[in-house]
Amino acid sequence: MKKLITAALAGACLAATALSAMAEPVRLKMGSTYPSSLTQLGTLGKALETNINAASGGDIQLKFFEPGALVPALEVFDALKSGALDAGWSTP
């Protein structure tokens with residue numbers, strides 16, 4: 001009986017590993033108040049995109065959108081609240 005339970009648990013673990021390996025990457029849209037060309041405020045938003053994409057090994061795909069591309073620059077917080085954006089790069 002112990003061997004059967006052990007084999008069942010091992011099979012379940014292998015199946016779970018295979019399913020997670022086949023999972024789609026998480027795609028996040030990040031709107032910005034600042035253009036990527038703006039020193040510090042904009043360039044750090046693009047750097048965040050690059051770093052998250054690299055650190056996750058492709059499991060998370062963060063896409064930086066310039067101001068106005070998805071929502072007007074000053075409406076990033078409202079878009080986050082409504083769910084139109086997944087992430088925002090701004091300041092209060």
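Of the three principal axes defined by the Cα atoms of the stretch 25-89, the extents in descending order read 32, 29, 14 Å. FRET efficiency for the pair Q40 and Q61, taken as 1/(1 + (r/R0)^6) with r the Cβ-Cβ distance and R0 = 30 Å, rounds to 0.75.
Where a number appears in this text, it was derived from the coordinates with a stated rule and is not lab data. Since the model is a prediction, treat every value here as computed from it, not as a measurement. When we count neighbours, we look across all protein chains shown, and the Cβ atoms used for this are built from the backbone with ideal geometry, even at glycine.
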